[in-house]
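The values are calculated or read from the model by the stated rules, or taken from the named source; none is laboratory data. From a predicted model like this one, the values you see are computed outputs, not experimental measurements. In this analysis, Cβ positions are derived from the backbone assuming ideal geometry, glycine residues included, and neighbour counts consider all displayed protein chains.
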């Protein structure tokens, strides 16, 4: 196992938050914008080519399926190579693929550029989770939440900007122009703010008390500090994998079908439905930061609360005709969606530690991405076969509860072990700088 990194100092803490800001910009422009632009261009593509909705939206399933594969391999690469170089490669791939939409003139070409764009975006998402998780300990949840705010920020401006650019230049040029944020903002900022040493494979922040006791560590625990091959043999890992697959199924199903349901089934109209979607993204900002703070304090129990809140949000869709219920839905859905974005890095580190963090986050990201891919078409099939979302919504609420129950047998072993270690080393009159309360 590689030696721990130097003990944190006020200067290194400031550098850590600089890394978070750089990661946030990457999430906005390399992950968020490419993800949010796709639903907006579906309509003009259908108008031009006459493709069906199934043909056009299949690109999302292809992207998520490929993302599951890349999550596994990219996580392993993040444990062995510089994340700085990996992000550069993934960002270039995403930017080039967006420019590649200028050459799309067939369904196959559409799928290929969409696939490449998805590979770059998912790779950056995994890289940012690994990088920030390695840099932080006690405040990991808040740091991940701040990083993942990028998806909410992208969701607030990308749809409107894309619509304006389509009217001015057409859908192909609209996508190409929105790659500017990658070339001029995300990649330059990341390469400037994150040094090679800060993004290396062994750069893991460790509490000072653990460094001091490295010569005589506590007894080994079956779910903490294990090699990845050992992690795969624990039930804890598979419980978490099941839980995130279920919540991914629910989260993406609601995201893809919300506007259609509110517009056509509830009869609120397209503008109101879009307004609700914007409100959900805005509220998810509080969800990411708020649940990140809760996860730092409650760990797995806090994540279970988030998953149960997701079930409540689904059930609130039934009386969505009522303004009060629609407001409550927007609040609960936004908070739960935000919390569900920052859960994987916290569970990976709290349960297994930093030894194989990249691989663990990568495989768990693959699990949630498979849920993303499976949910929307199944919910669509239930609607097409029954003429309503009634059965589908009950299914989603049930799966949300099941995802929380799957975590009942999960214990944050590494987190608990580090808390005991740091607490035991504190001096009554002069707490160490590396105690849990002062370590990031």
Which members of segment 100-111 meet the condition of being crowded, with 17+ Cβ neighbours inside 10 Å and within 28 Å of the chain's Cα centre (by Cα)?
100, 101, 110
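Let me confirm something: among 270, 297, which residue is under 30 Å from residue 416 (Cα atoms), more than 18 Å from the chain's Cα centre (by Cα) and either at pLDDT 95 or above or not assigned by TED's automatic domain parsing to the domain that holds residue 68 (or both)?
297
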Of all the residues that make up segment 391-431, how many are surrounded by fewer than 17 Cβ atoms within 10 Å (Cβ to Cβ), farther than 24 Å from residue 339 by Cα and at pLDDT below 90?
9
Selection over segment 42-65 where residues are at pLDDT below 80 and assigned to a helix (DSSP H, G or I) yields a count of 10
Among the residues that make up segment 318-339, is at least one of them in the same structural domain as residue 234 (by TED's automatic domain parsing), surrounded by 24 or more Cβ atoms within 10 Å (Cβ to Cβ) and at pLDDT below 90?
no
Quick check on segment 192-212: of everything there that is under 18 Å from residue 22 (Cβ atoms) and surrounded by fewer than 16 Cβ atoms within 10 Å (Cβ to Cβ), which residue is modelled with the highest pLDDT?
192
Could you list, in sequence order, the residues of segment 305-317 that are in a helix (DSSP H, G or I) and surrounded by 20 or more Cβ atoms within 10 Å (Cβ to Cβ)?
306, 307, 309, 310, 311, 313, 314
Checking residue 63 against (1) within 29 Å of residue 192 (Cβ to Cβ); (2) buried (at least 23 other Cβ atoms within 10 Å of the Cβ), which test does it fail?
(1)
